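Asker: Just passing along the structure, written as structure tokens.
The values are calculated or read from the model by the stated rules, or taken from the named source; none is laboratory data. Bear in mind that the values here come from a model prediction, so they are computed numbers and not experimental data. A quick note on method: Cβ atoms are made from the backbone with ideal geometry, for glycine too, and the neighbour counts reach across all protein chains shown. Side chains included, ligands, DNA and RNA excluded: accessible areas come from the protein's heavy atoms. Shrake-Rupley method; radii C 1.70, N 1.55, O 1.52, S 1.80 Å.
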Amino acid sequence: MPESDAFTRPYWDAAADGRLLLRRCRAEECGAAHHYPREFCPYCWSENVGWETATGRATLYTWSVVHRNDLPPFGDRVPYTAAVVDLAEGPRMMTEITDCPEPELRIGMPLVVHFRSAGVTGAADAGGGFAFPVFRPA
């Protein structure tokens, strides 16, 4: 399970509410969105970045079906589809594809985010469980 701290708490709280957050650079010459969340822009190195709610739309960039994983909790869910998606806002994100048999997957197919709960129920800042963004066909 991830650890929630003062920086990541907004991300995990939004996920618990069914919203995917990104970070966007607020530097005048940049404005790039990025994911995974960082306290600086990975493009221009500005520390003037903030949280933004993503649309939750993406397209499939690539995937691989995992048939064996000895790490909990993944071993209980094999096979599963690990994927990289292009978010509508621009960044690429590693995730999982659900609710779609592997033969139906296609590069560029439209996807939409939904959230998988894990751990104890409750918001991350309350010491409870987490909700993880995963994607399914739109």
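Asker: Taking the chain as a whole, which cysteines find no other cysteine Cβ under 4.7 angstrom from their Cβ?
Answerer: Cys with no partner Cβ under 4.7 Å: C100.
Asker: May I pose another question? Just to verify a number: what accessible area does T81 come out at with the full protein assembly present, 1.4 Å probe, Å² rounded to tens?
Answerer: Roll a 1.4 Å probe over it and T81 shows about 10 Å².
Asker: If I stretch the segment between R106 and Y36 completely, what's the gain in nm (0.36 nm per residue apart, minus their alpha carbon distance), one decimal? Mind dumping the intermediate values first?
Answerer: Details: separation 70, 0.36 × 70 = 25.20 nm, distance 2.41 nm.
Gain on extension, R106 to Y36, equals 22.8 nm.
Asker: Taking DSSP loops as anything outside H, G, I, E and B, show the longest stretch in the chain free of chymotrypsin sites (Phe, Trp or Tyr not before Pro) there with at most 16 other beta carbons within 10 Å.
Answerer: Working: sites that count: F7, F40, Y43, W45.
Answer - 46-138.
Asker: A further question on this structure: Considering only protein heavy atoms and a 1.4 Å probe, what is the carbon-and-sulfur percentage of the accessible area of the chain?
Answerer: Details: 4150 of 7980 Å².
With neighbouring chains kept in place, the figure for the chain is 52 percent.
Asker: Pull up the DSSP beta bridges for the chain and report the antiparallel fraction as a percent, rounded to 5.
Answerer: Approximately 95 percent, going by the DSSP bridge assignments.
Asker: Still on this model: List the residues, sorted by chain then number, that are 5 or more residues from L21 or on another chain and whose placed amide H is less than 5 Å from its amide H.
Answerer: Under 5 Å from the amide H of L21 lie the amide H atoms of A54, each far enough along the sequence or on another chain.
Asker: Go through N69, F7, W51 and say which Cα lies farthest out towards the positive end of the charge dipole of the chain; charges sit on Cβ, +1 for Lys and Arg, -1 for Asp and Glu.
Answerer: N69
Asker: Pulled fully out, how much extra length does the chain show between L71 and A118, if you take 0.36 nm times their separation in residues and subtract their Cα-Cα distance? Numbers along the way, then the final one.
Answerer: Values: separation 47, 0.36 × 47 = 16.92 nm, distance 1.48 nm.
Taking 0.36 nm per residue and subtracting the Cα distance, the gain is 15.4 nm.
Asker: While we're here: Taking 0.36 nm per residue of separation and subtracting the Cα-Cα distance, what length does fully extending T98 through A6 add? All intermediate terms of the calculation are to be shown ahead of the outcome.
Answerer: Working: separation 92, 0.36 × 92 = 33.12 nm, distance 3.01 nm.
Full extension from T98 to A6 adds 30.1 nm.
Asker: Between the DSSP loop rule and a limit of at most 12 other Cβ atoms within 10 Å, which GluC sites (Glu not before Pro) in the range 1-73 are left? Spell out each step's value before the answer.
Answerer: Numbers: sites: E3, E28, E29, E39, E47, E52; in loops: E3, E28, E29, E39, E47.
Sparse-neighbourhood loop GluC sites (Glu not before Pro): E3, E28, E29, E39, E47.
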